[in-house]
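Below is one structure, written out as C-alpha coordinates; comments come after it.
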Amino acid sequence: MILVTGATGKVGQEVVRQLSAAGSPARALVRDPARASHIRLPGVEIVVGDLGLPATLGPALDQVDRVFLCSSVDLDQVTLQGNLIEAAKRSGAQRIVKVSVAGGPDSGTQIGRWHWATEKQLEASGIAFTMLRPTLYMQQMLTYGPSIAATGAFSAPLGAGQVAAVDTRDVAAVAVCALTEDGHDSRIYDLTGPEALSFDSMADAISAAIGREVAYIHAPPDYVKKQMLAAGVPRWLAEDMLVLFASFREGYGAAVSDAVQRVTKQKPRTFQQFARDYANEFQKGRDG
(Lines give C-alpha, C1' and ligand atoms only; values in the text may rest on other atoms or scores of the structure.)
Protein backbone atom coordinates (compact mmCIF):
# COMPACT_ATOMS: atom_id res chain seq x y z
CA MET A 1 0.00 0.00 0.00
CA ILE A 2 1.21 3.51 -0.87
CA LEU A 3 0.34 6.52 1.29
CA VAL A 4 0.17 9.84 -0.56
CA THR A 5 0.51 12.97 1.57
CA GLY A 6 -0.39 16.33 0.12
CA ALA A 7 -2.93 14.35 -1.87
CA THR A 8 -5.04 17.34 -2.91
CA GLY A 9 -2.04 19.47 -3.91
CA LYS A 10 -0.60 20.17 -7.34
CA VAL A 11 1.71 17.14 -7.41
CA GLY A 12 -0.04 14.89 -4.90
CA GLN A 13 -3.31 14.74 -6.80
CA GLU A 14 -1.42 13.77 -9.95
CA VAL A 15 0.38 11.01 -8.04
CA VAL A 16 -3.00 9.71 -6.85
CA ARG A 17 -4.45 9.81 -10.36
CA GLN A 18 -1.49 8.02 -11.90
CA LEU A 19 -1.38 5.35 -9.20
CA SER A 20 -5.09 4.73 -9.73
CA ALA A 21 -4.64 4.51 -13.50
CA ALA A 22 -1.81 2.02 -13.00
CA GLY A 23 -3.90 -0.14 -10.67
CA SER A 24 -1.62 0.45 -7.67
CA PRO A 25 -3.55 0.58 -4.38
CA ALA A 26 -3.15 3.98 -2.75
CA ARG A 27 -4.27 5.76 0.38
CA ALA A 28 -4.70 9.53 0.14
CA LEU A 29 -4.05 11.50 3.32
CA VAL A 30 -6.29 14.57 3.53
CA ARG A 31 -7.23 16.97 6.29
CA ASP A 32 -10.67 17.73 4.86
CA PRO A 33 -12.42 14.89 3.01
CA ALA A 34 -14.89 17.41 1.54
CA ARG A 35 -12.03 18.70 -0.61
CA ALA A 36 -11.08 15.25 -1.89
CA SER A 37 -13.88 14.61 -4.37
CA HIS A 38 -11.50 14.89 -7.33
CA ILE A 39 -9.29 12.08 -6.02
CA ARG A 40 -12.04 9.58 -5.16
CA LEU A 41 -10.83 7.18 -7.81
CA PRO A 42 -10.71 3.38 -8.29
CA GLY A 43 -8.24 1.79 -5.89
CA VAL A 44 -7.87 4.96 -3.81
CA GLU A 45 -8.77 5.03 -0.12
CA ILE A 46 -9.31 8.45 1.48
CA VAL A 47 -7.99 8.72 5.04
CA VAL A 48 -8.26 11.76 7.27
CA GLY A 49 -5.09 12.88 8.99
CA ASP A 50 -2.83 15.84 9.62
CA LEU A 51 0.97 16.06 9.65
CA GLY A 52 0.56 18.43 12.59
CA LEU A 53 -1.33 15.79 14.58
CA PRO A 54 1.06 12.82 14.92
CA ALA A 55 -1.61 10.64 16.54
CA THR A 56 -3.51 10.61 13.23
CA LEU A 57 -0.53 9.31 11.26
CA GLY A 58 -0.26 5.85 12.79
CA PRO A 59 -3.67 4.69 11.52
CA ALA A 60 -2.99 6.28 8.12
CA LEU A 61 0.27 4.32 7.85
CA ASP A 62 -1.22 0.97 8.85
CA GLN A 63 -0.05 -1.68 6.34
CA VAL A 64 1.67 1.02 4.26
CA ASP A 65 5.13 0.18 2.95
CA ARG A 66 5.77 3.17 0.66
CA VAL A 67 5.09 6.86 1.22
CA PHE A 68 4.95 9.91 -1.02
CA LEU A 69 5.93 12.91 1.10
CA CYS A 70 4.86 16.35 -0.02
CA SER A 71 3.32 19.24 1.88
CA SER A 72 2.55 22.89 1.35
CA VAL A 73 5.07 25.49 2.49
CA ASP A 74 4.69 26.26 6.18
CA LEU A 75 6.77 27.83 8.92
CA ASP A 76 6.55 24.46 10.70
CA GLN A 77 7.45 22.44 7.59
CA VAL A 78 10.45 20.69 9.16
CA THR A 79 8.38 19.58 12.15
CA LEU A 80 5.41 18.55 10.02
CA GLN A 81 7.39 16.43 7.59
CA GLY A 82 9.51 15.13 10.45
CA ASN A 83 6.34 13.88 12.15
CA LEU A 84 5.60 11.80 9.09
CA ILE A 85 9.12 10.38 8.89
CA GLU A 86 9.05 9.36 12.56
CA ALA A 87 5.61 7.80 12.20
CA ALA A 88 6.78 5.93 9.10
CA LYS A 89 9.72 4.52 11.09
CA ARG A 90 7.39 3.30 13.82
CA SER A 91 5.00 1.71 11.34
CA GLY A 92 7.70 -0.11 9.40
CA ALA A 93 7.39 1.75 6.09
CA GLN A 94 10.21 0.76 3.76
CA ARG A 95 10.45 3.64 1.29
CA ILE A 96 9.74 7.39 1.20
CA VAL A 97 9.74 9.47 -1.97
CA LYS A 98 10.03 13.12 -0.99
CA VAL A 99 9.41 16.25 -3.04
CA SER A 100 12.21 18.64 -2.15
CA VAL A 101 14.14 21.54 -3.66
CA ALA A 102 17.77 22.26 -4.35
CA GLY A 103 19.18 23.76 -1.20
CA GLY A 104 21.49 23.26 1.73
CA PRO A 105 22.31 24.63 5.16
CA ASP A 106 23.43 27.89 3.53
CA SER A 107 20.57 28.18 1.04
CA GLY A 108 19.41 31.72 0.33
CA THR A 109 15.80 30.73 1.06
CA GLN A 110 14.29 29.41 4.25
CA ILE A 111 12.40 26.86 2.16
CA GLY A 112 15.68 25.54 0.78
CA ARG A 113 17.11 25.20 4.29
CA TRP A 114 13.96 23.50 5.55
CA HIS A 115 13.97 20.91 2.78
CA TRP A 116 17.67 20.25 3.36
CA ALA A 117 17.00 19.63 7.07
CA THR A 118 14.23 17.16 6.24
CA GLU A 119 16.39 15.42 3.65
CA LYS A 120 19.04 14.90 6.33
CA GLN A 121 16.43 13.54 8.75
CA LEU A 122 15.15 11.16 6.11
CA GLU A 123 18.65 10.00 5.21
CA ALA A 124 19.33 9.27 8.89
CA SER A 125 16.03 7.44 9.41
CA GLY A 126 17.13 4.14 7.92
CA ILE A 127 14.19 4.21 5.50
CA ALA A 128 15.02 3.89 1.81
CA PHE A 129 14.50 7.25 0.13
CA THR A 130 14.31 9.07 -3.18
CA MET A 131 14.49 12.87 -3.37
CA LEU A 132 12.74 14.77 -6.15
CA ARG A 133 13.96 18.33 -6.72
CA PRO A 134 11.79 20.08 -9.30
CA THR A 135 12.43 23.60 -10.55
CA LEU A 136 9.52 25.98 -11.02
CA TYR A 137 6.27 24.13 -11.75
CA MET A 138 4.66 25.06 -15.05
CA GLN A 139 1.35 25.03 -13.18
CA GLN A 140 2.57 27.96 -11.07
CA MET A 141 1.95 30.09 -14.16
CA LEU A 142 -1.77 29.52 -13.63
CA THR A 143 -1.59 32.03 -10.77
CA TYR A 144 -1.26 34.65 -13.50
CA GLY A 145 -4.47 33.42 -15.15
CA PRO A 146 -6.77 36.12 -13.74
CA SER A 147 -4.39 38.87 -14.85
CA ILE A 148 -4.03 37.33 -18.30
CA ALA A 149 -7.80 36.95 -18.65
CA ALA A 150 -8.46 40.53 -17.52
CA THR A 151 -5.61 42.47 -19.13
CA GLY A 152 -3.76 40.17 -21.55
CA ALA A 153 -0.59 40.55 -19.51
CA PHE A 154 1.15 39.34 -16.37
CA SER A 155 4.08 40.66 -14.37
CA ALA A 156 6.87 39.10 -12.33
CA PRO A 157 10.41 40.03 -11.24
CA LEU A 158 12.17 37.62 -13.61
CA GLY A 159 13.62 40.07 -16.12
CA ALA A 160 15.11 38.17 -19.06
CA GLY A 161 16.05 35.17 -16.91
CA GLN A 162 15.26 31.70 -18.16
CA VAL A 163 13.78 28.79 -16.21
CA ALA A 164 13.51 25.11 -17.17
CA ALA A 165 10.05 24.78 -15.65
CA VAL A 166 8.59 21.29 -15.23
CA ASP A 167 5.01 20.05 -15.47
CA THR A 168 3.61 18.65 -12.22
CA ARG A 169 2.30 15.68 -14.20
CA ASP A 170 5.88 14.76 -15.08
CA VAL A 171 7.03 15.20 -11.48
CA ALA A 172 4.21 12.86 -10.45
CA ALA A 173 5.22 10.33 -13.11
CA VAL A 174 8.76 10.21 -11.69
CA ALA A 175 7.34 9.84 -8.19
CA VAL A 176 5.13 6.93 -9.27
CA CYS A 177 8.13 5.18 -10.82
CA ALA A 178 10.15 5.68 -7.64
CA LEU A 179 7.24 4.36 -5.55
CA THR A 180 6.46 1.30 -7.65
CA GLU A 181 9.81 0.24 -9.17
CA ASP A 182 13.15 -0.88 -7.80
CA GLY A 183 16.38 0.94 -8.53
CA HIS A 184 15.56 4.38 -7.13
CA ASP A 185 16.84 4.08 -3.57
CA SER A 186 19.21 6.84 -2.41
CA ARG A 187 18.69 8.73 -5.67
CA ILE A 188 18.29 12.48 -6.02
CA TYR A 189 16.49 13.54 -9.19
CA ASP A 190 16.66 17.14 -10.38
CA LEU A 191 13.49 17.52 -12.42
CA THR A 192 13.08 20.04 -15.24
CA GLY A 193 11.24 20.47 -18.48
CA PRO A 194 12.99 19.94 -21.82
CA GLU A 195 14.16 23.54 -22.24
CA ALA A 196 14.78 26.77 -20.38
CA LEU A 197 12.48 29.62 -21.36
CA SER A 198 12.12 33.26 -20.44
CA PHE A 199 8.74 34.55 -19.30
CA ASP A 200 8.55 36.38 -22.63
CA SER A 201 8.74 33.00 -24.40
CA MET A 202 6.18 31.53 -22.01
CA ALA A 203 3.87 34.47 -22.77
CA ASP A 204 4.25 33.69 -26.48
CA ALA A 205 3.32 30.04 -25.83
CA ILE A 206 0.25 31.07 -23.85
CA SER A 207 -0.70 33.49 -26.66
CA ALA A 208 -0.54 30.68 -29.21
CA ALA A 209 -2.59 28.39 -26.97
CA ILE A 210 -5.44 30.81 -26.29
CA GLY A 211 -5.43 32.70 -29.58
CA ARG A 212 -4.96 36.05 -27.87
CA GLU A 213 -1.85 38.15 -27.39
CA VAL A 214 -0.31 37.86 -23.95
CA ALA A 215 2.55 40.05 -22.74
CA TYR A 216 5.03 39.59 -19.92
CA ILE A 217 5.96 42.72 -17.98
CA HIS A 218 9.01 42.76 -15.76
CA ALA A 219 8.15 44.20 -12.37
CA PRO A 220 10.72 45.56 -9.87
CA PRO A 221 11.18 43.23 -6.90
CA ASP A 222 10.21 45.89 -4.35
CA TYR A 223 6.94 46.50 -6.16
CA VAL A 224 6.21 42.76 -6.31
CA LYS A 225 6.94 42.41 -2.60
CA LYS A 226 4.46 45.19 -1.78
CA GLN A 227 1.84 43.53 -3.98
CA MET A 228 2.36 40.13 -2.33
CA LEU A 229 2.15 41.58 1.17
CA ALA A 230 -1.01 43.51 0.24
CA ALA A 231 -2.49 40.24 -1.02
CA GLY A 232 -1.84 38.58 2.33
CA VAL A 233 1.27 36.58 1.47
CA PRO A 234 3.35 36.10 4.65
CA ARG A 235 6.44 38.29 4.70
CA TRP A 236 8.81 35.33 5.03
CA LEU A 237 7.30 33.67 1.97
CA ALA A 238 7.34 36.90 -0.08
CA GLU A 239 11.02 37.36 0.76
CA ASP A 240 11.81 33.76 -0.15
CA MET A 241 10.04 34.15 -3.49
CA LEU A 242 12.07 37.27 -4.30
CA VAL A 243 15.31 35.42 -3.51
CA LEU A 244 14.17 32.60 -5.79
CA PHE A 245 13.37 34.97 -8.65
CA ALA A 246 16.72 36.71 -8.15
CA SER A 247 18.46 33.36 -8.58
CA PHE A 248 16.44 32.73 -11.73
CA ARG A 249 17.46 36.14 -13.10
CA GLU A 250 21.07 35.08 -12.56
CA GLY A 251 20.56 31.85 -14.51
CA TYR A 252 20.35 29.33 -11.68
CA GLY A 253 17.07 27.87 -12.94
CA ALA A 254 18.16 27.38 -16.54
CA ALA A 255 19.95 24.02 -16.31
CA VAL A 256 18.10 21.21 -18.10
CA SER A 257 18.04 17.68 -16.67
CA ASP A 258 17.20 14.43 -18.46
CA ALA A 259 15.88 12.82 -15.28
CA VAL A 260 12.20 12.79 -16.30
CA GLN A 261 12.91 10.90 -19.50
CA ARG A 262 15.54 8.70 -17.88
CA VAL A 263 13.18 7.55 -15.13
CA THR A 264 9.82 7.47 -16.92
CA LYS A 265 11.05 6.59 -20.42
CA GLN A 266 8.83 9.44 -21.65
CA LYS A 267 9.88 12.88 -22.82
CA PRO A 268 8.90 15.66 -20.42
CA ARG A 269 6.09 17.92 -21.54
CA THR A 270 7.06 21.17 -23.22
CA PHE A 271 5.69 24.46 -22.00
CA GLN A 272 3.81 24.72 -25.28
CA GLN A 273 2.04 21.42 -24.48
CA PHE A 274 1.25 22.64 -20.98
CA ALA A 275 -0.20 25.91 -22.30
CA ARG A 276 -2.44 24.07 -24.75
CA ASP A 277 -3.65 21.63 -22.08
CA TYR A 278 -4.50 24.47 -19.68
CA ALA A 279 -5.69 27.04 -22.23
CA ASN A 280 -9.10 27.31 -20.57
CA GLU A 281 -7.48 28.06 -17.20
CA PHE A 282 -5.71 31.07 -18.71
CA GLN A 283 -9.03 32.48 -19.96
CA LYS A 284 -11.23 32.07 -16.90
CA GLY A 285 -13.01 35.27 -16.05
CA ARG A 286 -12.53 36.82 -19.47
CA ASP A 287 -15.60 38.76 -20.58
CA GLY A 288 -17.35 37.21 -23.56
Condition test on Ala279, is it surrounded by 19 or more Cβ atoms within 10 Å (Cβ to Cβ) and among the small types (Gly, Ala, Ser)?
-> no
Residues of the stretch 245-276 satisfying the condition of being in contact with a helix residue (DSSP H, G or I) (Cβ under 8 Å, 6 or more places away or on another chain) and buried (at least 18 other Cβ atoms within 10 Å of the Cβ) | Phe245, Gly253, Ala259, Val260, Val263, Pro268, Arg269, Phe271, Phe274, Ala275
Is it true that Leu229 is part of a helix (DSSP H, G or I) and open to solvent by 10 Å² or more (accessible area, probe 1.4 Å)?
-> yes
Scanning the stretch 237-288 residue by residue, the ones that are among the polar types (S, T, N, Q), modelled with pLDDT of 95 or more and part of a helix (DSSP H, G or I) total 4
Return the pairs, sorted by first residue and then second, in which the second residue is hydroxyl-bearing (Ser, Thr, Tyr) and surrounded by fewer than 20 Cβ atoms within 10 Å (Cβ to Cβ), the first residue lies in the stretch 174-189 and is within 13 Å of Thr264 (Cβ to Cβ), the beta carbons are less than 9 Å apart, and the residues are 6+ apart or on different chains.
-> Val174/Thr264; Val176/Ser24; Val176/Thr264; Cys177/Thr264; Leu179/Ser24; Thr180/Ser24; Tyr189/Ser257
Select, from Ala178, Ala205, Ala173, Ala149, the only residue that is on the phi < 0 side of the Ramachandran plot, open to solvent by less than 20 Å² (accessible area, probe 1.4 Å), in contact with a Ser or Thr (Cβ under 6 Å, 6 or more places away or on another chain) and part of a helix (DSSP H, G or I).
-> Ala178
Please tell me if Ile127 is of a type in the set (Val, Ile, Thr), closer than 17 Å to Leu242 by Cα and in contact (Cβ under 8 Å) with a residue 24 or more places away in the chain.
-> no
Index of the failed condition, Arg17 passing every other in (1) part of a loop (DSSP other than H, G, I, E, B); (2) in contact (Cβ under 8 Å) with a residue 40 or more places away in the chain = (1)
Limited to the stretch 115-138, what total is found for residues that are open to solvent by 10 Å² or more (accessible area, probe 1.4 Å) and more than 23 Å from His184 (Cβ to Cβ)?
-> 1
Residue count, the stretch 54-87 (criterion: more than 22 Å from Ile111 (Cβ to Cβ) and either in contact with a helix residue (DSSP H, G or I) (Cβ under 8 Å, 6 or more places away or on another chain) or part of a helix (DSSP H, G or I) (or both)) | 12
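The values are calculated or read from the model by the stated rules, or taken from the named source; none is laboratory data. Treat the numbers as computed from the prediction; the structure is a model and nothing was measured. Don't worry about glycine lacking a Cβ; one is built from the backbone with ideal geometry, like all the others, and counts go over all protein chains shown. All accessible areas refer to the heavy atoms of the entire protein, side chains included, with ligands and DNA or RNA removed. Shrake-Rupley method; radii C 1.70, N 1.55, O 1.52, S 1.80 Å.
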